[in-house]
Amino acid sequence: MKRAYTKTNSADRRLKISDETRALYGKRDWRLDHDPDAPVLPPEMWQNAAIGKYYRPRKTPVSLRIDNDVLAWLKSKGAGHISRINGILRERMEHEAVLSGRAARPPKNRELRLGQD
């Protein structure tokens, strides 16, 4: 199974540098550009910047009791059965959020699919 990484909704968005930002960059005080503690990067350096690229949600350790056959099935898929449990639960949470209208957009397609309600 392909490993899925959690991203924020904004992780795939690229920064759009507005004309106003470019104009302000041109009007700045150039004498401050030589401060080694605060280097100024031109707007072109930010073209491929992604918001939330390295975001990782906080995790809480819990003790969980599941049926033996369910655990055997999860382990039969290969290493990472704990991450797989988290992925299944996250997918279900996002699915229910979409159904209840709380989600801003539908969840991304993932390898695991749960039954429809």
### Message
Which numbered condition in (1) over 21 Å from E94 (Cβ atoms); (2) modelled with pLDDT of 90 or more is the only one that V62 fails?
### Response
(1)
### Query
Failed condition for G52, given (1) assigned by TED's automatic domain parsing to the domain that holds I17; (2) touching a helix residue (DSSP H, G or I) at 6+ places or on another chain (Cβ under 6 Å), with all others met?
(2)
#### Entry: Members of region 77-91 that are in contact (Cβ under 8 Å) with a residue 40 or more places away in the chain and of a type outside the set (G, A, S)
K77, R84, R90
### Task
Restricting attention to region 22-50, report how many residues are polar (S, T, N, Q) and surrounded by fewer than 10 Cβ atoms within 10 Å (Cβ to Cβ).
1
### Summary
Of (1) surrounded by 11 or more Cβ atoms within 10 Å (Cβ to Cβ); (2) assigned by TED's automatic domain parsing to the domain that holds G26, W73 fails just (2)
### Message
Going residue by residue through region 80-88, is there one that turns out to be modelled with pLDDT of 75 or more, in contact with a helix residue (DSSP H, G or I) (Cβ under 6 Å, 6 or more places away or on another chain), surrounded by 13 or more Cβ atoms within 10 Å (Cβ to Cβ) and part of a helix (DSSP H, G or I)?
### Response
yes
#### Entry: Restricting region 37-76 to residues that are in contact (Cβ under 8 Å) with a residue 24 or more places away in the chain and assigned to a helix (DSSP H, G or I), the residue that is farthest from G26 (Cα to Cα)
W46
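The values are calculated or read from the model by the stated rules, or taken from the named source; none is laboratory data. Keep in mind that what you see is a predicted model, and the values were worked out from it rather than measured. Because the Cβ atoms are built from the backbone with ideal geometry, glycine has one as well, and the counts that use them run over all protein chains shown.
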